[in-house]
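Quick notes on the structure that follows.
Taken together, the values in this text are just the output of simple stated rules run on the coordinates, not laboratory data. These numbers were taken from a predicted model, which means no experiment stands behind them. Note: ideal-geometry Cβ built from the backbone for every residue, glycine included; neighbour counts use all protein chains shown.
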Amino acid sequence: MNKFWNHQTSEESSRRRESTNGDSLRLIPMWSIILAIVVFVGSMYFFNHAPPAHRRPGSIPMHLITSYITATALASYVLLAGYVSRDVKRRGMSAALWMLIVVMMPGGIGAVVYFLLRQPMLIRCPNCTTELTAGVHFCPQCRFQVAPVCGQCFRGVQITDAFCPQCGHDVAEDLAPSRLRAYADS
């Protein structure tokens, strides 16, 4: 069973993780955060300092609450568009098309459509950098194990499982790499 396990040092694995996942840690781009702040401040200024057509004396608290909610909704929409712009690229989809859909469809319907139709996340093999879909246990190019599997039936198991939920095999006997075990006997 040892032929399936590719051993690598912790330095190699950390170096590969930094190079492949370093830029994917920020899900909302900085331009979107800055634009959301500008939209929020601008909306608050517009709603609170624009000359009112008619404002009743007792309606000031309600006016402040309404302006705050409206400004927050607009700023959140900008942040959502920024998230979609970054997520589209991570999933290998057309960024221009999805940004157009998200921005042009009213009321956030474009974002809902995006979340319903988006492609699954692609990951890279830590050994050979081949793009893999979610749920793959072994890389088809280099046989590097990217997820824990049972040594008897080769079905996926959780890293905390002591026994395979499918066949009952003792997963601890499989000599899985330490990166795929949550609990190791010392």
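Where the only charges are on Cβ atoms (+1 Lys, Arg; -1 Asp, Glu), what is the dipole of region 81-140 about its Cα centre, to the nearest 20 debye?
Here the size comes out at about 80 debye.
Using the alpha-carbon centroid of each, what span in Å lies between region 108-164 and region 55-95?
Comparing the Cα centres of region 108-164 and region 55-95, I get a distance of 33 Å.
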